[in-house]
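Notes follow the structure.
The values are calculated or read from the model by the stated rules, or taken from the named source; none is laboratory data. All figures in this text were calculated on a predicted structure; none of them were measured in a lab. Here the Cβ positions follow ideal geometry from the backbone for every residue, glycine too, while neighbour counts run over all protein chains shown. Surface accessibility is based on the protein's heavy atoms, side chains included, excluding ligands, DNA and RNA. Shrake-Rupley method; radii C 1.70, N 1.55, O 1.52, S 1.80 Å.
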Amino acid sequence: MFCCLGTVRRLCLDKVLLQCILQSRTLSGADAINALRPFYFAVHPDFFGQHPKEREVNENSLKRLNGYLENLQKPGFRSFKPTQLTFYVREREPNSSNVQESFSASGFRAVSFTLHTRDLLSTVLDILNSCSLSTEHVQSLNVSSQPHKETKSTVNRPIKWDKTYYSFTGFKDPEEELEQAQRVETTLLSWLDDNEASAVKKLKKSLPLRKELERLKIELSHELQLSDIRWQRSWGIAHRCSQLHSLGRLVQQRPEILENVKGRTVVFTDRSGMSAAGHIMLGTMDVHHHWTKIFERLPNYYKLQKRLLLLEDRISQLLGGIQVIYVEELQPLLTLEEYFETLNSFYNKLRDSRLPFHPRSLRGLQMILESDRYAPSLHELGHFMIPTVCDPAALQWFIFAKAQEARENLKRKEEMMITEKELINTSTERFSLDRLYKEPSVSSAQMIDCCKRLLEESLPYLQGMHLCVSHFYSVLQDGDLCIPWNWKN
């Protein structure tokens with residue numbers, strides 16, 4: 001009963017807000033951004049730096065949301081398609097009864113909702129309500145205090161005709177059209193048909209920058225003898241070129257500090273340092289001074305990395321030869337120092353417990369350490385996910401019970417990776433794609449399923465395109481086409 005009263009109260013408040021503001025003037029783009037500040041704060045990707053999956057989902061959903069809001073502000077734009085979005089929200093608050101909600105393994109709240117409104121104010125209120133955020137601050141927006149005359153507001157109010165009017169005149173009922181659009185799921189062919197022209201235009205515009213990016217990457221990799229240059233986030237091509245130009249200027253100004261990078265991988269990310277995987281991280285918001293300090297400290301990082309590898313070996317010996325690994329795609333982004341502390345704490349706990357594992361009895365198995373879990377589990381790819389706070393006795397029982405299943409999963413993983421690579425190559429050749437890739441949050445099994453079904457279709461739209469397999473539809477700023485792995489046809 002209290003939940004229902006709360007819902008009624010919120011709906012009444014929204015109705016009052018709509019009436020008050022619509023009588024003043026139409027909500028502007030600046031007003032909408034102002035009103036959505038609590039939402040942006042709750043879902044901003046920068047707050048999910050140590051949780052790659054959640055950050056990636058929010059980044060892509062924000063791009064689609066911004067496109068929806070931009071279309072709402074275009075004069076005369078009438079072709080609105082319901083847009084389903086998913087966000088991970090930091091705050092834990094009571095959720096609305098009409099919103100799909102679940103929690104990720106890291107504890108963030110996943111909220112899914114569909115936008116189908118045709119004005120900014122309704123859209124803003126829908127977004128805030130869907131994420132269980134207050135809408136009362138919308139009243140404080142700086143809107144015009146000049147009220148329209150009653151007759152004028154009545155004329156501007158949309159007329160709601162009886163259903164018999166549409167039957168008699170043959171005109172289309174806009175409400176019925178919207179309901180039908182909501183019922184019909186987006187199909188791959190229809191989406192490609194609607195978005196091909198836009199993607200081709202963006203791709204052609206990005207081609208000179210893509211060539212420049214490839215040139216800079218090759219030159220810097222060769223000059224510094226790097227193993228690779230990567231980006232942690234899906235920045236645009238122009239942004240990536242700018243970052244490589246900055247690194248190139250530092251090479252010219254301070255060549256002596258870059259003598260220790262041979263054979264290493266440089267990753268442009270949100271923070272500077274060395275990652276748990278041993279990659280050199282350059283924070284994109286940092287200036288050359290910070291980057292210089294990182295390069296100067298590389299000898300110390302390498303010493304710490306040797307101690308870390310020794311610690312992994314000691315843990316392996318205590319656990320019957322199981323290999324301790326760090327998987328970038330599945331684990332939070334940790335610095336070398338943070339990961340060392342995690343390993344050291346876990347090692348001390350194991351050493352004191354003296355678990356009776358037979359030497360080399362678990363060789364060939366793998367495990368990762370996680371600080372945000374409380375119970376051990378077995379990943380579908382075959383590695384154990386072990387909480388740092390796990391009880392040693394419970395850990396021993398779990399590993400013994402799941403050892404055979406883990407070996408089978410690891411074998412299946414190797415087979416899946418071979419199949420996945422073959423299907424990517426076949427699909428790229430079949431559709432004459434310039435590139436086919438997937439987001440890190442898409443598993444090998446999902447990619448295999450997607451490619452198999454793609455190969456059953458005739459898709460002339462894809463020739464020369466960059467296709468990314470993701471969790472939703474989107475055209476990226478440089479023309480890459482993103483499609484969900486479980487697309488419908």
**OP:** Return yes when Leu395 is surrounded by 15 or more Cβ atoms within 10 Å (Cβ to Cβ) and under 16 Å from Ile322 (Cα atoms) and no when it is not.
**Re:** yes
Subject >> Residue tally, condition at pLDDT 65 or above and out of contact with any Phe, Trp or Tyr (no Cβ under 7 Å at 6 or more places or on another chain), over the range 14-45 >> reply: 18
Original post:
List, please: which pairs have Cβ atoms under 7 Å, are six or more places apart or on different chains, and start with a residue in the range 190-211 that is under 8 Å from Gly479 (Cα atoms) and end with one that is part of a helix (DSSP H, G or I) and open to solvent by less than 80 Å² (accessible area, probe 1.4 Å)?
Top reply: Ser206/Ile237
Original post:
If Val287 satisfies every condition in (1) of a type outside the set (S, T, N, Q); (2) touching a residue at least 12 places away in the same chain (Cβ under 8 Å); (3) open to solvent by 30 Å² or more (accessible area, probe 1.4 Å) but one, which is the exception?
Top reply: (2)
Original post:
Which one is nearest to Gln331 (Cα to Cα), of the residues in the range 223-238 that are part of a loop (DSSP other than H, G, I, E, B) and either touching a strand residue (DSSP E or B) at 6+ places or on another chain (Cβ under 8 Å) or open to solvent by 40 Å² or more (accessible area, probe 1.4 Å) (or both)?
Top reply: Gln232
Original post:
In the range 363-404, how many residues are assigned to a loop (DSSP other than H, G, I, E, B) and more than 20 Å from Ser444 (Cα to Cα)?
Top reply: 12
Original post:
Hey, does the range 284-293 have a residue that's over 26 Å from the mean Cα position of the chain (by Cα) and closer than 22 Å to Glu329 by Cα?
Top reply: no
Original post:
Which condition number does Glu405 fail, the rest of (1) over 26 Å from the mean Cα position of the chain (by Cα); (2) closer than 24 Å to Ile237 by Cβ being met?
Top reply: (2)
Original post:
Which condition breaks for Ser167 when tested against (1) more than 29 Å from Trp487 (Cβ to Cβ); (2) modelled with pLDDT under 90; (3) in contact with a helix residue (DSSP H, G or I) (Cβ under 9 Å, 6 or more places away or on another chain); (4) polar (S, T, N, Q)?
Top reply: (3)
Original post:
Here are some conditions: (1) at pLDDT below 95; (2) hydrophobic (A, V, I, L, M, F, W, C); (3) more than 30 Å from Phe357 (Cβ to Cβ). Cys450 meets all but one. Which one does it not meet?
Top reply: (1)
Subject >> Subset of the range 432-489 that is within 18 Å of Thr86 (Cβ to Cβ) and basic (Lys, Arg) - its residue that is surrounded by the fewest Cβ atoms within 10 Å (Cβ to Cβ) >> reply: Lys488
Original post:
Which number in (1) under 30 Å from Tyr301 (Cβ atoms); (2) surrounded by 14 or more Cβ atoms within 10 Å (Cβ to Cβ); (3) at pLDDT 95 or above marks the one condition that Arg215 misses?
Top reply: (2)
Original post:
Can you name the residue in the range 243-262 that is open to solvent by 80 Å² or more (accessible area, probe 1.4 Å) and within 33 Å of the chain's Cα centre (by Cα) and, of all such residues, is nearest to Tyr301 (Cα to Cα)?
Top reply: Lys262
Subject >> Residue ID - nearest to Ile483 (Cα to Cα), chosen from residues in the range 437-452 that are part of a helix (DSSP H, G or I) and of a type in the set (A, V, I, L, M, F, W, C) >> reply: Cys450
Subject >> Those residues of the range 115-131 which are touching a Ser or Thr at 6+ places or on another chain (Cβ under 7 Å) and either modelled with pLDDT of 80 or more or buried (at least 19 other Cβ atoms within 10 Å of the Cβ) (or both), in sequence order >> reply: Leu115, Thr123, Leu125, Asp126, Leu128, Asn129, Ser130
